[in-house]
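Right, one structure below, let's go through it.
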Amino acid sequence: MSHKISILLLLISLLMLSGCPGSGSSSGSSSTNDITDNSPGEPPEEEPPIEEPFEVGLFTLEETTMDQVHEALAGRRVLEDGSPITCESLAQMYIDRIYAFNDAPQPANGLPVRGVLAINPLALEQARALDALYASDDGIGERFLHCMPVLLKDNYDTVDYPSTQGSYSMLGHQAGVDAHSVAQLRAAGALILGKANQDEFAFFTTGFSNRAIQVSNPYNTSESPAGSSSGTGASIASNFALGGTGSDTCQSIRHPSSVNGLVGIRPSLGVISQHGIFPLSHTRDTGGPMTRTVKDAALMLQAMAGVDPRDPKTLLYPDEIRPDSYVDFLDRDVHGVAGRNIGVVRQLGTNTSAAGTGRQGELIAQAVEKLESMGATIYDVYLPDFDNRGAGSRHYDINEYFKTFEAEGGVSERACVSSAAIDLLADRNSVAHGRSECTDIEGIVETGRVGPRTAALFGLVAAADPNQAPTEEELQGIVEERDYTTSVMDALVDENGDPVLDSNLNQIRLDALVLSPGPTGGRTCDFGSTTQMGSIVVPVGFDESVGVPRGMEIFVRQYDEGTGLGIAYDYEQATLHRAPPSLVASPLLVNETITEFNARMQQALIDGTSEAPETLPLETYQQVLRDITGL
């Protein structure tokens with residue numbers, strides 16, 4: 001018994017030394033572990049966790065990422081002078097950069113970038129509100145895009161600023177609600193910084209706008225920024241915002257991303273709602289993000305995606321295959337390049353150069369070699385029976401947009417494509433898809449303010465039947481092209497139509513395809529637009545022959561954006577091709593206000609709208625630049 005008593009006394013002594021009642025306590029104090037002072041069964045209070053020390057890094061605006069912004073807001077990054085940043089100060093830094101660089105003639109061939117059309121007058125107020133949320137939540141909370149400054153293409157509706165589709169005919173077009181994807185961005189914490197220029201009504205792919213004369217490529221201002229999301233591409237490349245949105249009917253996200261060194265996602269139709277994005281063709285249109293990194297693009301896609309009853313296409317995306325997070329695919333070991341079967345598109349219908357020509361073709365070929373060195377198996381892909389499909393329903397789609405716009409409290413001087421078309425149908429005792437009242441210059445065509453370069457094409461829209469929705473035959477044609485493409489990806493065949501087998505004699509199933517997103521390689525944009533399948537564009541290098549970056553399109557099955565993101569992220573991290581343009585600031589514009597900037601954007605080019613932008617006399621263009629920049 002004495003041995004057991006000795007062991008018991010030793011245990012009691014050890015417990016007392018480790019902080020049990022009376023150990024190291026001053027007289028009269030009560031220990032948190034004293035069971036006589038606690039309710040029966042109440043667990044002892046836990047010590048607060050000890051925060052690990054962290055090294056403070058430097059925050060720079062140029063080429064920053066969402067992760068770095070959040071590190072800066074948390075105090076892990078500071079400005080060069082040691083000062084911290086807030087959401088408000090970050091927004092002001094971007095606004096100041098837009099003032100200084102957007103309209104300054106650049107040394108690379110002397111033209112301004114002109115990517116930004118308008119700055120949201122409420123941007124700083126909304127940034128302060130985000131700062132208040134950050135303080136109340138002790139961090140970003142569930143807002144994974146907290147304080148991400150975003151520029152929207154000018155065809156995205158916002159409740160706090162008009163959208164004009166790049167046209168003077170649409171001035172004052174103010175929505176009553178945000179576009180669904182914009183509302184989703186705000187819910188994730190994004191800050192809508194303003195609107196970016198675009199090709200008028202998204203008809204072109206070269207940066208021509210009736211409100212901007214010409215958006216320029218920031219790497220070489222004599223080169224096209226591509227379009228129609230030209231302003232977004234040029235602006236994000238120039239570091240005027242952290243992220244931007246585009247809309248893609250045929251290459252309008254993919255091509256600007258390629259020539260501006262960006263990551264751009266044209267998702268499968270139904271991933272992002274078409275609601276609140278002014279249409280060109282609802283069988284082909286989709287919104288999507290444009291950023292400088294794959295991760296930021298994945299974060300924006302996560303925010304913008306979602307089910308919206310106003311867009312039936314989103315209801316067709318099965319819930320069981322919707323990913324919880326697109327960021328989950330950015331695991332290089334699990335979702336990267338190694339082990340992938342990747343096809344290079346060698347023939348797309350009659351196009352036998354879909355993988356690019358010239359320097360871009362060389363860069364894409366080098367990228368394919370890199371993918372192979374990273375563990376992918378590469379195959380040639382032939383799609384000789386592919387055919388471009390669409391639906392001739394643009395008049396119908398635009399009037400449908402106006403119906404929803406008005407029902408949701410939107411206010412606009414415009415109400416339809418053409419009041420003359422409405423009158424003509426009235427004479428035939430018919431109604432143009434619910435547009436029974438649209439008179440005189442409520443019709444876009446009748447304003448006479450559609451730019452001369454766009455007027456003829458818009459006239460063709462007006463001449464079409466406003467009651468003609470996409471036909472079953474047209475919709476079935478799209479399904480057939482998608483099924484054809486998917487069948488080749490599921491069971492690869494060679495140029496002669498014979499099965500391509502692996503070492504176990506199984507027919508090859510491809511994970512993704514690669515091709516050129518333009519401008520070389522012929523017209524490849526119809527591939528994604530016709531099939532309604534997804535694509536991610538990622539930079540592959542720099543084309544010295546024209547002085548601009550080039551990209552590669554990674555094409556995936558319908559709703560399989562995660563696979564494309566995994567491949568794109570792994571390749572991006574292995575190559576790091578993205579590099580910013582070299583820009584100079586105008587000393588005359590750095591002290592502007594938002595009101596002054598927006599007024600100058602709206603007024604300065606009115607004198608230049610009587611002619612197509614590319615036919616303006618050089619002296620007229622130079623005078624407009626002097627009016628804009630003050631130089």
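Read-outs throughout are calculated quantities, based only on the coordinates presented, and are distinct from any laboratory measurement. This one's a predicted model, so the numbers in the text were calculated from it and none came from an experiment. Ideal geometry is used to build each Cβ from the backbone, glycine not excepted, and the neighbour counts take in all protein chains shown.
If you average the alpha carbon positions of the stretch 187-205 and of the stretch 556-589, how far apart do those two centres end up, in angstrom?
18 Å
When ranked by the protection proxy of mean other Cβ atoms within 10 Å per residue, highest first, what sequence do the peptides 238-246, 59-67, 73-81 form?
238-246, 59-67, 73-81
What is the packing order of peptides 589-595, 465-471, 349-355, 394-400, taking the mean over residues of other C-beta atoms within 10 Å and listing the highest first?
The densest-packed peptide leads the list: 394-400, 349-355, 465-471, 589-595.
How high is the relative contact order of the chain? Use alpha-carbon pairs under 8 Å, at least six apart in sequence, and give a whole percent.
Relative CO of the chain lands at 16 percent.
Under a Cβ-Cβ cut-off of 14 Å, what is the net charge of the residues other than residue 113 that fall near it, where Lys and Arg count +1 and Asp and Glu count -1?
Details: positive: 97, 114; negative: 103, 223.
Summing Lys and Arg as +1 and Asp and Glu as -1 gives 0.
Counting Lys +1, Arg +1, Asp -1, Glu -1, what net charge surrounds residue 409 among other residues with beta carbon under 15 Å of its beta carbon?
-3
Among 203, 514, 399, flag the residue with its Cα farthest along the positive direction of the charge dipole of the chain, charges on Cβ as +1 for Lys/Arg and -1 for Asp/Glu.
So the residue we want is 203.
About its Cα centre, what dipole magnitude does the chain give when the only charges are +1 on Lys and Arg Cβ and -1 on Asp and Glu Cβ, stated in debye to the nearest 20?
960 debye
Could you work out how far helix 594-603 tilts from the main Cα principal axis of the chain, as a 0 to 90 degree angle to the nearest 10?
20 degrees
Which cross-chain or sequence-distant (5 or more) residues have an amide H under 5 Å from the amide H of residue 117, H modelled 1.01 Å from N in plane?
When sequence neighbours closer than 5 places are left aside, the close amide H contacts are 195, 196, 197.
Can you tell me the order of 328-334, 305-311 when each peptide is scored by its average per-residue count of other Cβ atoms within 10 angstrom, highest first?
With the highest mean Cβ count within 10 Å placed first, the list reads 305-311, 328-334.
Using Cα pairs under 8 angstrom and six or more residues apart, how large is the relative contact order of the stretch 250-397, in percent?
Relative contact order comes out at 22 percent.
Tell me the angle of helix 472-490 to the major Cα principal axis of the chain, expressed in degrees between 0 and 90 and rounded to the nearest ten.
Taking the Cα atoms of the chain, the angle to 472-490 is about 50 degrees.
Any idea what angle helix 123-137 forms with the longest principal axis of the chain, computed on alpha-carbon atoms, 0 to 90 degrees, nearest 10?
On a 0 to 90 degree scale, this one is about 20.
To check you understand DSSP bridge types, tell me what percent of the beta bridges within the chain (both residues inside) are antiparallel, rounded to 5.
60 percent
Once amide H atoms are placed 1.01 Å from N in the peptide plane, what residues at a sequence separation of 5 or more from residue 210, or on another chain, have their amide H within under 5 Å of its amide H?
200
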